[in-house]
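In what follows, a single structure is set out as structure tokens and then discussed.
The values are calculated or read from the model by the stated rules, or taken from the named source; none is laboratory data. No experiment lies behind these values; they were computed from the predicted model shown. Here the Cβ positions follow ideal geometry from the backbone for every residue, glycine too, while neighbour counts run over all protein chains shown.
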Amino acid sequence: MTRRLDKVNELIKQEVGKIIEKEIGSDFGFLTVTNVYTTTDLHFAEIWISLYNEKIENPEEFLNQITPEIQKILNKRLNLKYVPKIILKVDKSTDYAFEIEKILNKVKK
């Protein structure tokens, strides 16, 4: 990855994190931006989000619902020639880590 792309990824990660925290609100539980992958032409950014809310039955659908609002706010905040179209994805790596921890605890006993 280029240095510029790294900076854009980090900028998007920070801004989307702020948007989720302040604009979307904590009504939806704990949402964390874990990674951002922007295409080299800056047209698309895949944003991985981990969700900690058992009330949300379908996380993918939930992220699809909040994407337009986040995109709108991001378009206003970023001072880039092209603001990438965002695609929100559910990061399930924490769920996977918890499952591994459970298995390891069973093995210890």
Can you tell me which residues in region 64-81 are exposed (fewer than 11 other Cβ atoms within 10 Å of the Cβ) and in a loop (DSSP other than H, G, I, E, B)?
-> ASN79, LYS81
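To keep it simple, each residue is scored yes or no on (1) at positive phi; (2) modelled with pLDDT of 90 or more; (3) of a type in the set (A, V, I, L, M, F, W, C).
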site	(1), (2), (3)
LEU31	no, no, yes
ASN35	no, yes, no
ILE56	no, no, yes
LEU78	no, yes, yes
ILE86	no, yes, yes
THR94	no, no, no
GLU101	no, no, no
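Does VAL8 satisfy being more than 13 Å from the chain's Cα centre (by Cα), surrounded by 13 or more Cβ atoms within 10 Å (Cβ to Cβ) and assigned to a helix (DSSP H, G or I)? Walk me through how you get there before you give the answer.
Values: more than 13 Å from the chain's Cα centre (by Cα): yes; surrounded by 13 or more Cβ atoms within 10 Å (Cβ to Cβ): yes; assigned to a helix (DSSP H, G or I): yes.
Judged against the criteria, VAL8 is a match.
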Flag if GLU61 is surrounded by 14 or more Cβ atoms within 10 Å (Cβ to Cβ), acidic (Asp, Glu) and either at pLDDT 90 or above or not in a helix (DSSP H, G or I) (or both) | no
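Does ALA45 qualify as being among the small types (Gly, Ala, Ser), outside any helix (DSSP H, G or I) and out of contact with any His (no Cβ under 8 Å at 6 or more places or on another chain)? Don't jump to the end; show me each part of the working.
On the way: among the small types (Gly, Ala, Ser): yes; outside any helix (DSSP H, G or I): yes; out of contact with any His (no Cβ under 8 Å at 6 or more places or on another chain): yes.
Considered against the rule, which asks whether it is among the small types (Gly, Ala, Ser), outside any helix (DSSP H, G or I) and out of contact with any His (no Cβ under 8 Å at 6 or more places or on another chain), ALA45 comes out as yes.
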Among the residues of region 11-29, count how many are in a helix (DSSP H, G or I), small (Gly, Ala, Ser) and modelled with pLDDT under 85.
-> 1
Flagged pairs (Cβ under 9 angstrom, 6 or more apart or on separate chains; first in region 21-32, β-branched (Val, Ile, Thr); second assigned to a helix (DSSP H, G or I) and modelled with pLDDT of 80 or more) are ILE24/ILE66; ILE24/GLU69; ILE24/ILE70; THR32/GLY17; THR32/ILE20
